[in-house]
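Throughout, read-outs are computed from the coordinates displayed, never taken from laboratory work. Here the structure is a predicted model, which means the values were calculated and not measured. Cβ atoms come from the backbone with ideal geometry, glycine included; neighbour counts cover every protein chain shown.
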Amino acid sequence: MKQIGKLLFPALLIILGLIAIIIGNNTDQNGLFLFGAFVTLIIGVTALLAILNVFNKTVRIILLVVFLAGSGLLAFYDVNSIQKPLEFEKTKEARYAAVVQRMKDIREAQKGYKSAKGNYAPTLDTLAMFILQDSMPIVKAIGDRPDTLTEAKALELGIMKRDTIQVWAKEKIFNSKYLATRNSQFALAVDSFEYIPFTKGEKFNMSVGEVEKNNVKVKTLYVSAPNAVIFPDYDKNFYVSLRDLEFGSTTDPVLNGNWE
């Protein structure tokens, strides 16, 4: 009876280890979970064999050293499993901020392109060339408006007049009003529009099209940045619950971002 009592603890470890392995394989747990499950199983089997006097003294010493080393390794992984999520949150905040700002700039540039061309730029390279090399018309009011008159009245009386001039597309689209709303931490990099920040040349996904709404054909724009591309150095379990960053739609003429 006493011998049976000694066997209960290792038997329990073996059962727990097997259950954990089965759960891990069926629920897509991370490597740390499965590693812990295998260690639990091995310790249970080893303890069982030790109780049955299968090992001699030398083997027991070797196993003791191995288990001590394993305990240290498990402790390291345990600490790492706590630190890694905290590190990911900081990384996510920094990378998302940069990617979102780049997407906002793309959105603003596409709005300007559509204003000038009547449709969205088919590629981000085309969009960048437009911003850097094309010009756009801008209407300016010329003359001094008396404080007693509205601008419309001053124009009617001929005191002021409107004139259309051409300015660089970049100057009109990214004017001082827009720049004041940008996160100044990130530079306006028009020539890098197509590339997702913090990646090795990975590009945004972009789709432009046209749909019919209330018997009217409208243009659509959709841009996204997959989390798998933004966080290639992290296990997918860290971001599997997060939506990819995106704005616009392929079915509606909206330009809202899912970060807003």
Approximate spin-label separation Thr181-Ile15, in nm, with each point projected 7 Å along Cα-to-Cβ
6.3
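List Glu108, Glu87 from most exposed to least, where exposure is judged by having the fewest other Cβ atoms within 10 Å. Please report the intermediate quantities before stating the final value.
Numbers: Glu108 19, Glu87 13.
With the fewest neighbours first, Glu108, Glu87 line up as Glu87, Glu108.
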For the pairs Lys172/Lys200; Lys90/Lys200; Lys117/Lys177, flag any whose C-alpha to C-alpha distance is greater than 27 Å.
Lys172/Lys200
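In what order do Arg145, Arg162, Arg102 fall by count of nearby beta-carbon atoms within 10 Å, going from fewest to most?
With the sparsest Cβ surroundings first, the list reads Arg162, Arg145, Arg102.
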Treating each Cα of segment 89-249 as an identical point scatterer and ignoring solvent, apply the Debye formula and state log10 I(q)/I(0) at q = 0.15, 0.16, 0.17 Å⁻¹.
-0.90, -0.97, -1.04
